[in-house]
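> Dropping the structure in here first, questions after.
The values are calculated or read from the model by the stated rules, or taken from the named source; none is laboratory data. These numbers were taken from a predicted model, which means no experiment stands behind them. Cβ coordinates were reconstructed from backbone atoms using ideal geometry, including for glycine residues, and neighbour counts include every protein chain displayed. Surface areas here come from the heavy atoms of the whole protein model, side chains and all, with no ligands, DNA or RNA. Shrake-Rupley method; radii C 1.70, N 1.55, O 1.52, S 1.80 Å.
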Amino acid sequence: MVKEWATVIHWHEGRALLRYGSSSGCGSCQARAACGSYLLNKIGPETVHQLELPVAQPLVEGQKVEVGIPENNLLLSAMLVYLTPLIGLFIVAGIASLWLSSEFAIFCSGLMGGALGFLLAKKVATWWSKDEGFEPIVLQIGLPPNELNVQFQE
């Protein structure tokens, strides 16, 4: 299960709008000197995402919620997004190379195959979006921000 902590922006009638940062843990591991993701996160803008989920328990703004998604579904989604256009590119370019002699025409055919693969991935993703297994779930709900008060005695 891939987990991420998110902050409640708004809760109304069982629907929670959550905000989370995609690179909250990046930069804390030992491999950050050779990590491409770490370098890209340093160069690029700070990315913040929003997510709306059903949560029966009433939440307050600023409360922390742990959200998770099963790893196998995340890997299937990544394979769909990355491999389907690539496979479409190779298959269509390979078929085009059997009939066409111009390299530019084969190149254009490969690009069209990649675009067709992308459209296929988009269609499959809409089918998968109806499956509850691909939706994030709430794992834990933290205390509201004003619930815990620490007092120091001198």
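> Give me the one-decimal nm value for the distance between modelled label points at Leu111 and Leu83, 7 Å along each residue's Cα-to-Cβ direction.
2.7
> Rounded to the nearest 10 Å², what accessible area does Lys123 show when all protein chains are kept and the probe is 1.4 Å?
About 110 Å², rounded to the nearest 10.
> Same structure, new question: Using 0.36 nm per residue of separation minus the Cα-Cα distance, give me the extension gain between Val60 and Phe104 in nm, one decimal.
Taking Val60 through Phe104 to full extension adds about 10.0 nm, to one decimal.
> If you average 1/r over every pair of different alpha-carbon atoms in the stretch 69-126 and take one over that average, what Kirkwood value in Å do you get? Provide the component values of the computation, followed by the final result.
Details: mean 1/r = 0.0839 Å⁻¹.
Kirkwood radius, the stretch 69-126: 11.9 Å.
> Between Thr47 and Gln151, take the C-beta separation as r, use R0 = 41 Å, and let me know the FRET efficiency to the nearest 0.05. Walk me through the numbers on the way to the answer.
Values: r = 37 Å, r/R0 = 0.91.
Efficiency at R0 = 41 Å is approximately 0.65.
> Shifting gears a bit: Once you put a point 7 Å from the Cα of Arg19 and another 7 Å from the Cα of Val124, both along the Cβ direction, what distance in nm separates them?
3.5
> Size of the dipole of the stretch 43-140 about the Cα centre, Lys and Arg at +1 and Asp and Glu at -1 on the beta carbon, nothing else charged, in debye to 20?
Details: 4 positive and 9 negative charges, 75 e Å.
About 360 debye.
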